[in-house]
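Beneath this line is the structure, given in structure tokens, with notes to follow.
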Amino acid sequence: MREEERAILSFQTLPNLKTSLSSISEATPHREPLWRNAQFSCRIRNGGNNGSFGNFASVSMAETKEDGRNEFAPSSAQLLKYPLAILAYVPRDAAIFAAGAVAGAAAKTVTAPLDRIKLLMQTHGVRAGQESAKKAIGFIEAIVMIGKEEGVKGYWKGNLPQVIRIIPYSAVQLLAYETYKKLFKGKDGELSVIGRLAAGACAGMTSTFVTYPLDVLRLRLAVDPGFRTMSEIALTMLREEGVASFYYGLGPSLLGIAPYIAVNFCIFDLVKKSLPEKYQQKTQSSLLTAVVSAAVATLTCYPLDTVRRQMQMKGTPYKSVLDAFPGIVQRDGVIGLYRGFVPNALKNLPNSSIRLTTFDIVKRLIAASEKEFQRIVEENRHKQSQDASIV
């Protein structure tokens, strides 16, 4: 093609350009079409005369969202002015992980004395058979026994492995719940009640399976006065009982945690969703909803937790869940399935409330930070477009 007849393609930025009604466009989740702010034109030079050329086929042009975010990312001054946007740089999963870990550790430490009392009340029947002691102790009696035999520190015995366990446990559980909710959505994109229950059950079982050995170590350390450290009891279990001892009671644990997390998370989500819009964003609503959901879940699933704890004990006479239920009822009556229920309820209500409320707050913060970040990006993009049009 001769110099005087060459074709020239040019791209011009038009900030206010709108899409034609007759155009067909499609963007993938990771790419944005450039026709929102770009114009395609074709000119032909022929003997010094310029002429426009139309009726051409569509040209697909796209840029990745990350490229757009990086190019028009907030400056240091903008981040100082709008600090919430800084959170958008933290990966969503990492933010949820950190929030779940901190909230779980704090909740477990605050409620550790009640947890220790509950464990003693739940397992005293099994230990009594070995020590020829009375087969049941009450709430106040357990408090006095720990203080008398071990002092104030005894109320927090076994808390360290529990805190170590709760960090991955909370992270895996909350992340898994969000993942399973996406997986169980219907074809219409909505999540049914059954889907929420299934997501909660799967999340509970996933986190329990991953962290179960730490839970067994925590129990042994909390109820056996002969051990002082987690490493000591772990080595003793390996030497005397083998690797399988770290998973004693896993079956009833999975059966117990699946309905508990399913009911807890499902009720929390549904009640929050049913509230008026102005109340959904309030922390008080999250706290109250978390208390109600935890109370219902605890009352429903506590007997399985008692069975699990007694099956975890060294020298337990129970080999299966079907064996443990009638055995406990025969020895202690139906009330034996609810031994330690009061301290457990007092522990679970604030514990679950703190975890779910913190998780809910962090999700709202993450959404707000992403919105703020995108607002600044669009503001910078628009400013650059204006500057280019002026030039």
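The values are calculated or read from the model by the stated rules, or taken from the named source; none is laboratory data. It should be emphasised that the depicted structure is a prediction, and the values quoted were computed from it without experimental measurement. Heads up: the accessible areas ignore ligands, DNA and RNA and are worked out on the full protein's heavy atoms, side chains in. Shrake-Rupley method; radii C 1.70, N 1.55, O 1.52, S 1.80 Å.
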When a/c is below 1.5 the answer is rounded, else prolate if a/b is larger than b/c, else oblate, so apply that to the range 253-370 with a ≥ b ≥ c taken from the square roots of the Cα gyration tensor eigenvalues.
prolate
Could you pull out the pairs from LYS108/LYS319; LYS185/LYS273; LYS272/LYS363 whose alpha carbons sit more than 21 Å apart here?
LYS108/LYS319
What are the lysines whose alpha-carbon lies under 22 Å from the alpha-carbon of LYS383, with same-chain residues fewer than 8 places away excluded?
LYS18, LYS65, LYS81, LYS371
Percent breakdown of C-alpha pair distances by 10 Å bin, ordered from the shortest bin, for the range 229-283:
19, 25, 20, 17, 15, 5
When the chain is fully extended, how far beyond the present Cα-Cα distance does GLU370 get from LEU288, taking 0.36 nm per residue of separation?
26.8 nm
Mean separation of Cα contacts under 8 Å (at least 6 apart) over the residue count of the range 296-380, i.e. the relative contact order in percent, is 23
Take the solvent-accessible surface of the protein heavy atoms, probe 1.4 Å, and return the percent of it on the range 256-391 that carbon and sulfur atoms account for.
66
With a cut-off of 8 Å between alpha carbons and a minimum separation of six or more residues, what is the relative contact order of the range 148-243 in percent?
32
